[in-house]
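Read through the structure below, which is laid out as structure tokens, and then see the notes.
A short reminder: the numbers here are calculations on the coordinates, not readings from a lab. Just so it is clear, the structure is predicted and the values come from calculations on it, not from any experiment. Please note: Cβ atoms are built from the backbone with ideal geometry, for glycine as well, and neighbour counts cover all protein chains shown.
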Amino acid sequence: MKKFLLGTNWKMNKTLAEGLAYSAALMTIIGKYPQFEFFIIPPYTHLWKIKEALAAQKSPLKLGAQNMHEQDSGQFTGEISPLMLAEIGVDIIELGHSERRQYFNESDEAVNRKARAALKHGFTPLICIGEQQADKDYGVSKEMLAKQLKIALTDVPAAAIGQFWIAYEPVWAIGVAGTPAAAAYVEEIHDFLRRVLIDRYGPSGAAVPLLFGGSVNIDNARDYARLANVDGLFIGRSAWEPELFEAIMVALGTITK
Ligand code: 13P
């Protein structure tokens with residue numbers, strides 16, 4: 001049985017000192033919850049030190065980067081390459097988060113190039129997709145999501161199944177201004193995404209982990225986690241303190257799929 005995935009994106013939060021304290025606390029906590037596979041996605045500047053701390057404890061906590069350039073090196077001021085992240089020993093590359101799409105004009109095509117580069121370098125791309133409020137209002141959420149997903153996975157072969165994860169994060173549900181999605185809506189969309197993946201890859205598409213994110217909190221986490229097509233939760237604010245994250249682990253209990 002595959003473990004339920006549970007992770008947090010720190011976004012542009014926490015100093016290195018805060019990040020190290022958080023990581024130390026979380027490493028201790030997760031030992032009590034072997035039913036989950038955990039990951040954290042800190043800012044780039046923290047990755048080396050946190051990786052050292054994880055390695056020193058032989059922690060199963062997985063480490064991710066919030067973005068990556070698709071080229072190995074070059075004239076791309078301010079960017080970080082796959083080789084640099086491989087040197088650190090990062091496991092996961094988060095790609096296409098709605099904040100990257102919204103504030104840094106990241107396109108579906110760029111997400112695809114980065115996803116292929118991440119796979120080539122042995123990382124697990126965590127590809128984020130999500131519709132805007134206006135898409136939902138116009139009734140075109142599924143069309144938008146299918147487009148994002150299909151473009152992101154162009155030329156990603158079936159052999160890569162199991163090596164990439166998809167996070168569905170409705171833009172209208174993310175962050176302080178977000179509204180939590182109804183669980184029934186999340187299941188409808190995850191079921192749809194599952195079918196898109198099966199259309200694309202055949203039956204093996206069913207094995208692609210589908211995470212949900214956007215205003216996940218202690219009150220709604222279990223409702224989302226028990227949905228048939230939700231394989232993990234990707235959490236922001238509600239997991240930024242180790243004790244609050246642990247409260248969610250307790251609320252989730254045992255998730256059997
Ligand atoms: P919030 O849980 O703070 O809404 O953020 C979710 C998110 O963006 C995870 O990537």
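Quick notes
- Its DSSP H runs of at least 4 residues, each contributing -39,500 (n - 2.57), put the calculated 222 nm mean residue ellipticity of the chain at -12000 deg cm²/dmol, to the nearest 500.
- In a simple Cβ point-charge model (Lys, Arg +1; Asp, Glu -1; nothing else charged), the chain has a dipole of about 520 debye relative to its Cα centre.
- Computed about its Cα centre, the charge dipole of region 199-238 is approximately 60 debye, with only Lys, Arg, Asp and Glu carrying charge at their Cβ.
- In region 20-94, inverting the average of 1/r over every pair of distinct C-alpha atoms gives 13.1 Å as the Kirkwood radius.
- Taking a quarter of the surface of the Cα convex hull of region 89-165 gives a mean projected area of 5.3 nm².
- Cα-based shape type of region 146-197, given that a ≥ b ≥ c are square roots of the gyration tensor eigenvalues and the cut on a/c is 1.5: prolate
- Charge tally around Leu119: other residues with Cβ under 12 Å, Lys/Arg +1 each, Asp/Glu -1 each, net +2.
- FRET E, pair Ala24, Phe76, Förster distance 30 Å, beta-carbon r, rounded to 0.05: 0.35
- In the frame of its principal axes, region 128-257 has Cα extents of 41, 33, 22 Å, reported largest first.
- Computed on the Cα atoms alone, the convex hull of region 50-109 gives a volume of 102 cubic angstrom per residue.
- Pairwise centroid distance, computed over Cα atoms, of region 1-72 with region 159-207, Å: 22 Å
- Whole-Å semi-axes of region 31-138's equivalent ellipsoid (Cα gyration tensor): 26, 20, 11
- Eligible lysines near Lys147 by straight Cα distance, threshold 19 Å, same-chain separation 8 or greater: Lys114, Lys136
- The chain - Debye-derived log10 I(q)/I(0), Cα point model, q = 0.17 Å⁻¹: -1.44
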